[in-house]
Every structure is written in structure tokens, then in C-alpha cells.
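Novice: Just dropping this structure here.
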Amino acid sequence: LPFGVPLLYRWVRHPLYVGWAIFSWATPTMTAGHLLFAVVLTGYMALATVVEERDLVAHFGRPYEDYRRRVPKFIPRWRTHAVEEPVLQEASAPSAEAEKCGV
């Protein structure tokens with residue numbers, strides 16, 4: 001499948017992990033067993049993102065690396081259209097200001 005950015009993936013790279021973290025930590029009474037569950041699950045998800053992102057970079061290459069630079073891993077930046085930022089110009093292409101100056 002081609003690389004795409006559906007729905008919540010525009011704001012965070014791992015919305016499922018964020019949901020599971022909220023689910024595991026949001027409790028009216030934190031027992032020792034539930035605390036252990038939340039800590040282990042959170043640690044597992046943190047390690048899983050490292051492996052998952054390594055595989056995604058290997059599979060998609062540059063498009064995923066650009067996406068990873070623009071979109072935060074877990075905590076969203078509340079901007080509109082986080083993914084649809086302009087792509088940086090190549091170093092070989094002259095900028096508009098350089099063309100004005102005749103460079």
C-alpha cells in the first residue's frame with residue numbers, strides 16, 4: 001500500500017498507543033496491580049514504537065522520514081494541517097529571494 005496519513009495520524013504518529021495509554025492510566029482507583037499493568041503497558045508501547053518506526057522507515061523511506069519530522073510521536077501540537085506543510089526546497093533550486101538579487 002502507498003504511504004498515507006488518515007484521520008488522527010495527522011496529529012500524532014501513534015494514536016492507538018495514546019488511546020491505550022489513556023485507557024490504562026485513567027482509573028478512579030489505582031491499585032498496585034493496575035499500576036504494574038499501566039507501567040508495563042506504557043513501557044511496551046514505548047519500545048514498540050522504536051521497532052515499528054524503524055520498519056516503517058525501511059519500508060516507506062523518505063516519505064515516512066518527512067512525516068516523522070513533522071508529526072509528534074505521542075503528544076499532539078494543536079496546529080491545523082500538521083501533515084500538509086510545504087516540502088523544503090532542494091539545495092540546488094534557487095530561492096525566490098536569490099532570484100530577486102540576481103544570484
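The values are calculated or read from the model by the stated rules, or taken from the named source; none is laboratory data. Computed from a predicted model, the values in this text were never measured in an experiment. Virtual Cβ from ideal backbone geometry, glycine too; neighbours counted across all protein chains shown. Each accessible area value is taken on the protein alone, full model and side chains, heavy atoms only, with ligands, DNA and RNA left out. Shrake-Rupley method; radii C 1.70, N 1.55, O 1.52, S 1.80 Å.
Novice: For segment 46-64, enumerate the residues that are loosely packed, with under 13 Cβ neighbours inside 10 Å and assigned to a helix (DSSP H, G or I). Break it down into steps so the answer makes sense when it comes.
Specialist: Going through segment 46-64, the residues loosely packed, with under 13 Cβ neighbours inside 10 Å turn out to be 47-48, 50-51, 54-55, 58-59, 61-62.
Within segment 46-64, 47, 48, 50, 51, 54, 55, 58, 59, 62 qualify.
Novice: Among the residues of segment 28-45, which ones are open to solvent by 80 Å² or more (accessible area, probe 1.4 Å) and within 16 Å of residue 18 (Cβ to Cβ)?
Specialist: The one that is open to solvent by 80 Å² or more (accessible area, probe 1.4 Å) and within 16 Å of residue 18 (Cβ to Cβ): 44.
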